[in-house]
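Below is one structure; the comments refer to it alone.
The values are calculated or read from the model by the stated rules, or taken from the named source; none is laboratory data. This is a predicted model, so every value here is computed, not measured. As a convention, Cβ positions derive from the backbone with ideal geometry for all residues, glycine included, and neighbour counts pool all protein chains shown. In case anyone asks, the SASA skips ligands and DNA or RNA and just uses the protein heavy atoms, side chains included. Shrake-Rupley method; radii C 1.70, N 1.55, O 1.52, S 1.80 Å.
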Amino acid sequence: KIQPWIDEGIHQEILDRSLIGFYPGGDQITIPHFDKDGRFVGLRGRTLSYEDADLYGKYRPLKINKVLYTHPLGMNLYNLNNSKKAIKTLEKAIVFEGEKSSLKYASYFGIENDISVACCGSNLSAYQIQLLIENGAKEIIIAFDRQFQEVGDQEFKLLKRNLVRLYNKYHNDVNISFIFDKNKITEYKASPIDEEPDKFLQLFKERIVL
């Protein structure tokens with residue numbers, strides 16, 4: 001049931017390391033969340049049902065036997081327990097929106113080079129920024145989804161405003177740069193790493209450093 005993710009290039013070794021599973025009761029891929037020290041804090045599901053995705057969103061906390069495994073997303077960073085060593089070594093952290101992007105990054109570039117985390121949304125809290133700084137990040141690379149169809153459209157303006165706000169809020173504490181697909185080499189709503197490693201590397205190289 002996790003085959004769709006394997007087909008997208010995520011390695012079985014990475015799925016095993018992150019304890020990715022499947023919950024038949026909700027037709028969901030299960031994604032456990034751990035804090036930076038590897039303690040379990042929550043469980044999210046990625047629905048494989050298009051109907052549920054439209055109604056409730058692709059990702060949501062998992063409910064099993066009337067227990068809702070939720071946690072405050074702004075108080076944790078997905079995958080930091082796995083990537084903190086490489087972040088400290090390379091002094092860089094890449095922040096994706098979704099968990100799957102982190103799994104892809106580790107699959108493409110190797111566990112030892114994995115500097116990725118996911119904030120599970122399109123916002124970064126002061127606590128999350130602090131977590132990355134405490135774990136050795138001197139540059140935080142924001143790698144959010146391409147949430148616009150045309151340069152200058154309403155969504156483009158919203159995304160740009162959000163990124164500028166993040167920069168203004170935190171640039172005195174740490175270097176902030178942005179992966180921003182202004183040339184539209186990826187699909188609408190795609191993560192920068194969704195399509196292939198070469199495209200990601202191109203976007204990474206062309207990232208906006210202010």
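Observations, loosely collected:
Residues are listed down the side, and each one gets a yes or a no for (1) modelled with pLDDT of 90 or more; (2) closer than 16 Å to residue 101 by Cβ:
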residue: 6; (1), (2): yes, yes
residue: 34; (1), (2): yes, no
residue: 39; (1), (2): yes, no
residue: 58; (1), (2): no, yes
residue: 74; (1), (2): yes, no
residue: 80; (1), (2): yes, yes
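- Single residue of 200, 156 found to be open to solvent by less than 50 Å² (accessible area, probe 1.4 Å) and touching a residue at least 24 places away in the same chain (Cβ under 8 Å): 200
- Residue in the range 8-17 that is of a type outside the set (Val, Ile, Thr) and touching a Pro at 6+ places or on another chain (Cβ under 7 Å) present: no
- Qualifying position, being in a helix (DSSP H, G or I) and either free of Cβ contacts under 8 Å to residues at least 24 places away in the same chain or in contact with a strand residue (DSSP E or B) (Cβ under 8 Å, 6 or more places away or on another chain) (or both), among 193, 129: 129
- Among (1) polar (S, T, N, Q); (2) touching a helix residue (DSSP H, G or I) at 6+ places or on another chain (Cβ under 8 Å); (3) buried (at least 16 other Cβ atoms within 10 Å of the Cβ) - the single one residue 81 does not satisfy: (2)
- Number of positions in the range 1-57 that are more than 23 Å from residue 114 (Cα to Cα) and either in a strand (DSSP E or B) or free of Cβ contacts under 8 Å to residues at least 40 places away in the same chain (or both): 17
- Conditions (1) surrounded by fewer than 16 Cβ atoms within 10 Å (Cβ to Cβ); (2) among the aliphatic types (A, V, I, L, M); (3) out of contact with any helix residue (DSSP H, G or I) (no Cβ under 7 Å at 6 or more places or on another chain); number of the one not met by residue 43: (1)
- Which numbered condition residue 62 fails, given (1) modelled with pLDDT under 95; (2) in contact with a Leu (Cβ under 8 Å, 6 or more places away or on another chain); (3) in a helix (DSSP H, G or I); (4) hydrophobic (A, V, I, L, M, F, W, C): (3)
- Residues (in contact with a Leu (Cβ under 9 Å, 6 or more places away or on another chain) and assigned to a strand (DSSP E or B)) located in the range 140-160: 140, 142, 143
- Residue within the range 86-95 that is of a type in the set (Val, Ile, Thr) and assigned to a helix (DSSP H, G or I) present: yes
- Answer residue from the range 47-70, given it is of a type in the set (A, V, I, L, M, F, W, C), open to solvent by less than 70 Å² (accessible area, probe 1.4 Å) and out of contact with any Asp or Glu (no Cβ under 9 Å at 6 or more places or on another chain) and is farthest from residue 33 (Cα to Cα) among those: 53
- Per-region count, the range 1-33, residues farther than 22 Å from residue 109 by Cα and open to solvent by 30 Å² or more (accessible area, probe 1.4 Å): 6
Here's the yes/no breakdown for (1) in contact with a Cys (Cβ under 7 Å, 6 or more places away or on another chain); (2) loosely packed, with under 14 Cβ neighbours inside 10 Å; (3) under 30 Å from residue 45 (Cβ atoms); (4) modelled with pLDDT of 95 or more:
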{"residue": "119", "(1), (2), (3), (4)": "no, no, yes, yes"}
{"residue": "123", "(1), (2), (3), (4)": "no, no, yes, no"}
{"residue": "142", "(1), (2), (3), (4)": "no, no, yes, yes"}
{"residue": "160", "(1), (2), (3), (4)": "no, no, no, no"}
{"residue": "163", "(1), (2), (3), (4)": "no, no, yes, no"}
{"residue": "207", "(1), (2), (3), (4)": "no, no, no, yes"}
